[in-house]
Amino acid sequence: MSTDTDADADESTSKCGASTTETETSSGSKCGGSSSETTDDSSRSKCGASSSDSDDDSNEQEVGATIDDFDAEPGQLIAVGLGPGHPEGMTERAKNALLEADHIVGYTTYIELIPDEITEQADDIYDTPMCGEVSRTEESIDRTLAGNDVAIVGSGDPNVYALAGLALEILESKGATASMVDFEVVPGVPAAQSCAARLGAPLVNDTVSVSLSDHLVPMPEIESRLHAVASENFTITIYNPWSRKRRENFEKCCEILLTHRDEDTPVGIVHGAGRDDEQVMITDLGELKELGENEIIDMTTTIVVGTEDTYVWDDRMVTPRGYETKYDY
């Protein structure tokens with residue numbers, strides 16, 4: 001979010017420890033977050049970023065401060081996977097990492113998944129709306145370089161369509177190193193696994209995941225991947241299948257799958273796994289496209305497309321591992 005600045009600004013220090021410029025209204029702190037003038041201080045983090053929800057990219061910015069802008073001994077940076085979204089689905093290691101962190105950083109929706117007894121003990125919580133990946137990841141790094149122990153959180157696992165890689169990239173761009181901040185990843189249960197558990201046993205053989213989000217990967221490349229994966233006998237896990245801006249992506253995906261798989265191929269759909277609005281459905285590939293208009297499919301949904309061997313038994317998807325070819329049972 002851009003605002004006019006005062007040309008006669010005084011030098012001061014931000015609450016994250018990096019040198020910044022005090023202005024009447026600031027266009028961004030060197031702690032990574034965009035800031036704007038507001039009369040409601042509760043809507044801003046201690047580093048100046050608005051925590052209001054949004055669907056645009058207005059809070060993104062170029063990477064700012066480098067390692068040379070910080071004088072403190074760096075703290076620890078931990079990427080924590082929250083799992084499917086309910087406290088019981090978080091690992092003890094994840095809970096302990098969050099309890100030990102000075103600051104917790106994440107997407108607003110994910111921050112709201114963390115139990116109150118954890119967030120209440122943190123010195124500060126920094127959240128950004130959708131599409132704030134770069135700003136909040138840089139914020140977590142700058143806070144760490146300023147001497148704080150910081151946890152950056154995400155649902156599922158930090159290495160599955162998440163921010164662990166981005167954190168390392170931004171660390172490198174700032175002239176820092178992973179060992180300098182004792183960077184660590186605390187794994188969580190990925191959506192594919194938590195959804196498969198609700199569907200039966202669909203992932204016990206070779207499996208490939210594809211995201212339909214074209215935020216970073218252009219749709220022609222996603223289509224190429226889908227063709228390659230669907231032409232092999234893999235179980236396919238589809239992330240981010242539908243949003244109001246990506247309706248065509250889902251429809252194209254269904255068309256591609258049907259060029260390689262039979263219409264009666266079992267398909268499992270899990271919306272909001274482990275959350276209050278969880279929904280589970282098992283259908284077949286021929287019926288999938290029309291479900292795009294159904295509330296069960298959105299950006300919190302994971303779709304599991306079976307192989308040519310997958311079948312439905314007792315309302316559960318089963319993908320044989322191959323034991324039947326070697327053992328009698």
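The values are calculated or read from the model by the stated rules, or taken from the named source; none is laboratory data. This is a predicted model, so every value here is computed, not measured. Because the Cβ atoms are built from the backbone with ideal geometry, glycine has one as well, and the counts that use them run over all protein chains shown. Accessible surface areas use protein heavy atoms only, side chains included; no ligands, DNA or RNA. Shrake-Rupley method; radii C 1.70, N 1.55, O 1.52, S 1.80 Å.
For the range 160-272, the relative contact order works out to 23 percent when only alpha carbon pairs closer than 8 Å and six or more residues apart are counted.
For the range 192-318, the share of accessible area belonging to carbon and sulfur comes to 44 percent (1.4 Å probe, ligands and nucleic acids excluded). Looking at the range 192-318, the DSSP beta bridges with both ends there are about 70 percent antiparallel. Between the C-alpha center of the range 94-170 and that of the range 284-316 there is a gap of 32 Å.
Sorting 268-277, 201-210 by average packing, meaning the other beta carbons within 10 Å per residue, from highest down gives 268-277, 201-210.
Ordered by solvent-accessible area of protein heavy atoms (1.4 Å probe), largest first, the residues Glu263, Glu73 come out as Glu73, Glu263. Surface analysis of the range 77-187 yields an accessible area of 37 Å² per residue, using protein heavy atoms and a 1.4 Å probe. Between Val318, Met299, Gly286, the Cα set farthest toward the positive side of the dipole of the range 275-329 (charges on each charged residue's Cβ, about the Cα centre) is that of Val318. Using R₀ = 35 Å, calculate the FRET efficiency as 1/(1 + (r/R₀)^6) where r is the Cβ-Cβ separation of Tyr329 and Ser224; round to 0.05. In this case the efficiency is close to 0.30.
Rounded, prolate or oblate: which fits the range 71-189, taking a ≥ b ≥ c as square roots of the Cα gyration tensor eigenvalues, rounded meaning a/c under 1.5, else prolate when a/b beats b/c? Mind showing how you got there, number by number?
On the way: a/c = 1.60, a/b = 1.39, b/c = 1.15.
Here the range 71-189 falls in the prolate category.
Per-residue packing, averaged as other Cβ atoms within 10 Å, sorts the ranges 296-304, 81-89, 219-227 into the order 296-304, 81-89, 219-227, beginning with the highest.
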